[in-house]
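Here the structure comes first, spelled out in structure tokens, and everything after it is commentary.
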Amino acid sequence: MAGQLFHVIDTQGFDRPLLDELCELTTRLRGIAKTQEGALALQQLLPHARAMLYFPQPSTRTFLSFNNACHVLGIRTSEIRDPATSSEVKGETFDDSLRTFSSYVDVIVMRTPEAGYAARAAALMDRIPRPVPIINAGSGKDQHPTQALLDVYTLERSFSLRGGIDGKVIGMMGDLKRGRTVRSLCSMMRNYRGVRLIFIAPEPFAMEPDIKAQLARHGIPFTETARLAEALPALDALYVTRMQTEWDTAGESRSMDYGQFSIHPGNLRQLKADAIIMHPLPRGPEIDPAVDNDPRAMYWRQERNGMWMRVAILLKIFRLEDRIFSLASEVLPAGPDPP
Amino acid sequence: MAGQLFHVIDTQGFDRPLLDELCELTTRLRGIAKTQEGALALQQLLPHARAMLYFPQPSTRTFLSFNNACHVLGIRTSEIRDPATSSEVKGETFDDSLRTFSSYVDVIVMRTPEAGYAARAAALMDRIPRPVPIINAGSGKDQHPTQALLDVYTLERSFSLRGGIDGKVIGMMGDLKRGRTVRSLCSMMRNYRGVRLIFIAPEPFAMEPDIKAQLARHGIPFTETARLAEALPALDALYVTRMQTEWDTAGESRSMDYGQFSIHPGNLRQLKADAIIMHPLPRGPEIDPAVDNDPRAMYWRQERNGMWMRVAILLKIFRLEDRIFSLASEVLPAGPDPP
Amino acid sequence: MAGQLFHVIDTQGFDRPLLDELCELTTRLRGIAKTQEGALALQQLLPHARAMLYFPQPSTRTFLSFNNACHVLGIRTSEIRDPATSSEVKGETFDDSLRTFSSYVDVIVMRTPEAGYAARAAALMDRIPRPVPIINAGSGKDQHPTQALLDVYTLERSFSLRGGIDGKVIGMMGDLKRGRTVRSLCSMMRNYRGVRLIFIAPEPFAMEPDIKAQLARHGIPFTETARLAEALPALDALYVTRMQTEWDTAGESRSMDYGQFSIHPGNLRQLKADAIIMHPLPRGPEIDPAVDNDPRAMYWRQERNGMWMRVAILLKIFRLEDRIFSLASEVLPAGPDPP
């Protein structure tokens, strides 16, 4: 039995029981939502709840994923996606703005360009008489915990007939230096047994020492290579990432050689038949669209899993997980996943 | 009995049975919504459905019409109205963006400045495992099918005691060359019998040859004139359009002589007592606001019809038309139209 | 028994019975919303209603307050917050835009930079066949009636055990010259007995003669001072306002001496133990954040009251006040206020 969830700020608080519960909740949810009866039951869970989506750093995908996760549960949403329309032009402090949002809603989902702002918002909430939960939907380069959760779910679910994540070999390719999704996913791996990581990147984009030190502390073996072809046959999962060009200061991303670091019909055959390909999206040239039709391409399903995992997180925050487990036993005919 | 509807891309797929069904559905809907009991029944039809309104080409009127059509049925909406806030800044392709939207919602309504993009989105949907319907809310200069549908409805409804559109004389005035609403409405006329069209425009803004050829192929008679006064007495409907200044390359619109091509209290008397005046709005100087109070001015009602026709389209796409016909018989006291 | 409410344009129409009813309604609402059962009952009152939030003058706080007030009642909202995305780029008049909004929704909430536009919209509605109520959420420097209502509620509620607003001494400090909230609140005072006002401001920001003349006409005594320390001990309420820098033409606001005109732990002790501190927010340096934890600091509660007062206004407009009074007797256990 996992504990309670209030703020979701980083990957630190997620232990194995909580991860397992959130994954199970997500699978049940998807099953319930397959029928119209189930979908109606879900959207009647929180019609009286109100969410604020505060996205001064625009992000269409994450915004839509959260907005629709709220809608699945009937939660009404308010949004700020354009910092220019905000009252901050009147010189209000971040703390006062966040406290104002909390006056009107029951949960705040936020994405900021600056690192640490979600943690700061959570600390503020813990000081005021009517705190609401803060969900970090990405703050600066450092943390994007709900992305890590949906990645964990996608791995766990894809390997559901093969023992889950435990014991798997996971390759991560691309801009590992600056990609927060791979960094967060590495942190999550401490919760699983027998995982082996292979970092596939050219030297300028290699995984940073802090993550490697963290893996070493937790006894998680990893290797590094600049040769995709050598790594491919060993992988259970290949997690591909795009170049983080938005952090370029002098066009660094232009040095990436996609001939060496991309997946395409020409090298797909080197991947095991039951391996999977993931990507947090949006993608650049690192995955050829011709790969989309391969049954191992899991990134579109991963994207959709993101919405369902966020529904699960909201349910857990509002302490409705038991309602799902009982709903699931009523309306859920055990069956295969929808596409 | 009309067939199914999935994507709504252009006016091609709309035959007479489907047009008649959509018009009937719209009239029933309006009747149902007149009572609070009926309005509540409508908004309980699709509370578990989610729509994406993708409007990189801003359009307040069409956006509001669709957004509120969704709300009438309880559908939850997400929106992109400012291209700058979109993840396309990260270089995602149009196809990947559209597929992403489809991951989260059940229907996509889109309006783009480029012609053909709605068709392209529909083709993409037809290739992927979890397609959602695409509704074209205007793409480039070429197609705006839901505007044509609401225009057909307004004509049909206005002439409901006089045999509908069949046999009517319809004048179209203004920038016929570049106005997609008149072009689409002309295409729809192939479904009606005995219609005669009169194009009223100065030469530089005359109807294009492709539409005239299409009318000729379908045996629909039309005449062209630059003299409104001569045409007015013959008309059952005068469809006025604004100058499409947004397509000007060298200020062409400035040559329009509103003294010759506008409707105002001074020439209203030339119009038959049971004729109607339509306009897709927004209007410029081509209709004097003093005309608004004339009972023949139908453009505000036409605008409101737009929302109801879009409700009908959504119902048809979600295959709930039978629910409306049975609801209507329960709650609908046959009566006059609301204003 | 108070009368009906349709448009809410200025503070003129609010007499004592209506103010008392709105305050009572607000208190009942807050009580009902405290339980999940009550919150669900509220959001089932108007799920079939649709609101337009037209905010060409951006205002995060007022927008969120109204948007969430709508959501409390289940009302679906459409928004325009960025004038650049509006169809006004096509040259539509204000009147035509407003009439268009009214075609799709049941109520329009609007905030414009120009004075008088809400009144103009209401006058338009009164001329057309299908009018919808207009709620002024701030127009220019002149009127912001719902702010005045929430201020009245906060005063009345804070003094509920001491006879309400009647007989109280209310200080107003800051940019009284250009602050519409203090101007509107002064106007409301004609409805209360025995109130005394103290205006605390440096000479360049003193209250304008028109308001002083109005107070004189209604026999409401007021004094003016530039010395906060002398006024503080007499006050039951201190209403603090920020500098209206947006109306500066030559940096006038820079002359404000916050050493003389601010509240902070150093001068808090001069305030009576049962006095309250209000502020319409956002705040600048005129209230030290260290004051937030003082039990007399009422501004965060005042902000939250704003949402509930707007729920009450919507209920009154939709004539559902009786439903609240009967709901309240069902689900409301009389109890203390939530924070």
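The values are calculated or read from the model by the stated rules, or taken from the named source; none is laboratory data. Predicted model, so just to flag it, every value in this text is computed and none were measured. Glycine gets a Cβ as well: all are built from the backbone with ideal geometry, and neighbour counts include every protein chain shown.
When you check B:Gly251 against the structure, is it more than 14 Å from every other protein chain (Cβ to nearest Cβ), at positive phi, out of contact with any Ser or Thr (no Cβ under 7 Å at 6 or more places or on another chain) and at pLDDT below 95, yes or no?
The answer is yes for B:Gly251.
Among the residues of the stretch C:190-211, count how many are of a type outside the set (Phe, Trp, Tyr) and in contact with a strand residue (DSSP E or B) (Cβ under 7 Å, 6 or more places away or on another chain).
So the count comes out to 8.
Just checking, how many residues over the stretch B:94-114 are under 9 Å from B:Val132 (Cα atoms) and β-branched (Val, Ile, Thr)?
Of the residues in the stretch B:94-114, 3 are under 9 Å from B:Val132 (Cα atoms) and β-branched (Val, Ile, Thr).
Scanning for something within 12 Å of another protein chain (Cβ to nearest Cβ), within 19 Å of B:Arg183 (Cα to Cα) and buried (at least 16 other Cβ atoms within 10 Å of the Cβ), does the stretch B:228-239 turn up at least one residue?
No, the conditions are met nowhere in the stretch B:228-239.
What number of residues within the stretch B:229-245 satisfy the criterion of being small (Gly, Ala, Ser) and not in a helix (DSSP H, G or I)?
Result for the stretch B:229-245: 1.
Of the residues A:Val107, A:Val132, which is farther than 30 Å from A:Gln260 by Cβ and touching a residue at least 40 places away in the same chain (Cβ under 8 Å)?
A:Val107
Are there any pairs, at least 6 apart or on different chains, whose C-beta atoms fall under 8 Å, with the first in the stretch C:245-260 and more than 17 Å from C:Lys141 (Cα to Cα) and the second of a type in the set (Phe, Trp, Tyr) and part of a helix (DSSP H, G or I), and if so, which?
Here the result reads C:Met256/C:Phe205, each pair linking the stretch C:245-260 to a residue that is of a type in the set (Phe, Trp, Tyr) and part of a helix (DSSP H, G or I).
Take the conditions assigned to a loop (DSSP other than H, G, I, E, B), in contact (Cβ under 8 Å) with a residue 60 or more places away in the chain and away from chain A (no Cβ under 11 Å) and apply them to B:Arg157. Does it pass?
Taking the combined requirement at face value, the residue does not satisfy it.
When the residues of the stretch C:247-285 are filtered to those that are surrounded by 12 or more Cβ atoms within 10 Å (Cβ to Cβ) and of a type in the set (Asp, Glu), which remaining residue is farthest from C:Gln147 (Cα to Cα)?
C:Glu252
Can you spot a residue in the stretch B:29-37 that is within 21 Å of B:Met110 (Cα to Cα), hydroxyl-bearing (Ser, Thr, Tyr) and within 14 Å of another protein chain (Cβ to nearest Cβ)?
no
Scan the stretch B:55-74 residue by residue and report those that are within 28 Å of B:Ile324 (Cα to Cα) and either touching a helix residue (DSSP H, G or I) at 6+ places or on another chain (Cβ under 7 Å) or touching a residue at least 40 places away in the same chain (Cβ under 8 Å) (or both).
If the condition is that a residue be within 28 Å of B:Ile324 (Cα to Cα) and either touching a helix residue (DSSP H, G or I) at 6+ places or on another chain (Cβ under 7 Å) or touching a residue at least 40 places away in the same chain (Cβ under 8 Å) (or both), then B:Arg61, B:Thr62, B:Phe63, B:Leu64, B:Ser65, B:Phe66, B:Asn68, B:Ala69, B:Cys70, B:Val72, B:Leu73, B:Gly74 are the ones that fit.
Determine whether A:Gln12 is within 13 Å of chain B (Cβ to nearest Cβ), surrounded by fewer than 23 Cβ atoms within 10 Å (Cβ to Cβ) and modelled with pLDDT under 95.
No; evaluated as a whole, the condition is false for this residue.
Has the stretch A:320-332 got at least one residue that is touching a Leu at 6+ places or on another chain (Cβ under 7 Å) and charged (D, E, K, R)?
Taking every residue of the stretch A:320-332 in turn, at least one turns out to be touching a Leu at 6+ places or on another chain (Cβ under 7 Å) and charged (D, E, K, R).
Consider C:Ile324 carefully, then state whether it is of a type outside the set (Asp, Glu) and touching a strand residue (DSSP E or B) at 6+ places or on another chain (Cβ under 7 Å).
In short, no.
Pairs only if they're at least six apart or on different chains, beta carbon under 9 angstrom, first in the stretch B:232-243 and free of Cβ contacts under 8 Å to residues at least 60 places away in the same chain, second surrounded by fewer than 24 Cβ atoms within 10 Å (Cβ to Cβ); list them, first residue then second.
B:Pro233/B:Gln270; B:Pro233/B:Leu271; B:Pro233/B:Lys272
Just to be sure before I move on: is A:Arg76 touching a His at 6+ places or on another chain (Cβ under 7 Å) and either more than 23 Å from A:Val152 (Cβ to Cβ) or of a type outside the set (Asp, Glu) (or both) in the structure I sent?
Taking the combined requirement at face value, the residue satisfies it.
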